[in-house]
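Bear in mind that the values in this text are calculations on the coordinates, not laboratory data. Computed from a predicted model, the values in this text were never measured in an experiment. Using ideal geometry, Cβ is built from the backbone for each residue, glycine included, and neighbour counts are taken over all protein chains shown.
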Ligand SMILES: NC(=O)c1ccc[n+]([C@@H]2O[C@H](COP(=O)([O-])OP(=O)(O)OC[C@H]3O[C@@H](n4cnc5c(N)ncnc54)[C@H](O)[C@@H]3O)[C@@H](O)[C@H]2O)c1
């Protein structure tokens, strides 16, 4: 076992719970400090974690016993917190998207590179057995040359379950920037980087009503389009069609399908780590399950952060990397830009696909 990685967590809202559980179960990680704009949240989390102190954000970022900052704030704050952490020489792993705008995300990646610190970005769900098995199957030539993929995230909107859904309907939110990272990252894992994007969008309603929690019944304004659809071309020539929507009552479409010249593949929900991969070969009339071939079984959010800190010891790049986060954000903002201009948008970044995750 290597050294203990000392982690400071900024942002202690809804998603922080699962990260705290993952890190508590990791023998080589220790949360030494926690911070939130809401000091009471930090105090409450620190009270449950003997290893952690509740600090102000500035004190946490300057703290000598923090090696890595885990940034779980809302998208509008991602870049500011990441840049401040990098300025203190800390490695950073953050929730998606990398930043609310492409320019901010590029500034974060550039700053991390200049400072020589490691930068990681969610989603890490693609390191689970679902996406990794599909990727191993495709890489192994089992579906022949990959030609096309479809990705569908269709939901009626997060205000139905999230107690504070405001940010999902503000710039930096919307179905694509919120849920698209899972689908676009999975498509890049499966088919390689994207070279251009064409998008179109629409908006069902100018406001949403919070369905649950202490603010139930409160109206939230909608400042972004809530249905986003588009076409992506991968460097390989394969074409992906993507739909992300907060305007859809229900759907039976598989989360992702990949079509090759010899077979079609159903790929499980990239918002989860696990799930079944099925194949239908040309000439066969039934779908067959593909046994797990790669990926971490039973993983949970925080796996990408552990991959970053553990790889750091051996000098390897993180798999859920800032470079991937930047590419995915460029693709997503490219779709939105294309929707507003009516033109195809060329994608400049082209990250290497991270190495396959061995079955574990
Ligand atoms: N909710 C989910 O199911 C989910 C799933 C995966 C990823 N995410 C992502 O995780 C991130 C957080 O989402 P959430 O649902 O936990 O949101 P949330 O609103 O429940 O929590 C965010 C927390 O960050 C704090 N915060 C905001 N700005 C801050 C700042 N500048 N400094 C310090 N603290 C600050 C808030 O006080 C709050 O406690 C988002 O990027 C979201 O896209 C959420």
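A few notes on this one:
- Rounded to 0.05, the FRET efficiency of the residue 216 and residue 359 pair, given R0 = 51 Å and the Cβ-Cβ distance, is 0.70.
- Between the C-alpha center of the stretch 4-72 and that of the stretch 211-248 there is a gap of 30 Å.
- Förster-model FRET efficiency, 22 Å R0, residue 207 and residue 160, C-beta, rounded to 0.05: 0.95
- Using alpha-carbon coordinates, inclination of helix 129-139 to the longest axis of the chain, degrees: 50 degrees
- By the beta-carbon count within 10 Å of each Cβ, the least crowded to most crowded order of 258, 109, fewest first, is 109, 258.
- nm² value of the averaged projected area, convex hull over the Cα atoms of the stretch 1-109: 6.5 nm²
- Convex hull volume per residue for the stretch 96-156, taking Cα atoms only, in Å³: 160 Å³
- Relative contact order (percent, whole number), the stretch 234-348, Cα cutoff 8 Å, 6+ residue spacing: 11 percent
- The chain: most fluctuating residue of 120, 213, 11 per GNM, C-alpha cutoff 10 Å: 213
- Highest mean first, the peptides 121-127, 150-156, 13-19, 330-336 sorted by other C-beta atoms within 10 Å per residue fall in the order 121-127, 330-336, 150-156, 13-19.
- Rh (Kirkwood; distinct C-alpha pairs) - the chain, Å: 20.8 Å
- Solvent-free Debye scattering, log10 I(q)/I(0), computed from the Cα coordinates of the stretch 238-360 at q = 0.11, 0.15, 0.20 Å⁻¹: -0.56, -1.01, -1.36
- Ranked by the mean number of other Cβ atoms within 10 Å of their residues, highest first, the peptides 46-55, 92-101 fall in the order 92-101, 46-55.
- Placing pseudo-labels 7 Å out from each Cα toward the beta carbon at residue 285 and residue 350 gives an inter-label distance of 4.5 nm.
- Projected-area average for the stretch 296-360 over all orientations - Cα convex hull basis, square nanometres: 5.7 nm²
- Relative exposure of 80, 36, 65, judged by other C-beta atoms within 10 Å (fewest first): 65, 80, 36
- Here the sum of -39500 (n - 2.57) over DSSP H runs of 4 or more residues, divided by the residues of the chain, equals -10000 deg cm²/dmol at 222 nm, to the nearest 500.
- Distance between the 7 Å Cα→Cβ label points at residue 18 and residue 252: 2.7 nm.
- Spin-label pair residue 271-residue 316: with each label point 7 Å from Cα along the Cα-Cβ axis, the two points sit 3.0 nm from one another.
- Where both bridge residues fall in the stretch 112-232, DSSP classifies roughly 100% of the beta bridges as antiparallel.
- Taking the average, over residues, of other Cβ atoms within 10 Å as the packing measure, peptides 183-190, 159-166 rank 183-190, 159-166 from highest down.
- Of 111, 79, 134, the residue with the greatest mean-square motion in the GNM of the chain, using alpha carbon springs below 10 Å, is 111.
- Among beta bridges that DSSP assigns inside the chain, antiparallel share in %, nearest 5: 60 percent
- Ordered by the number of other Cβ atoms lying within 10 Å of each residue's own Cβ, fewest first, 353, 291, 208 fall into the sequence 291, 353, 208.
- Helix 303-314 vs. the chain, principal-axis angle (Cα, 0 to 90°, nearest 10): 80 degrees
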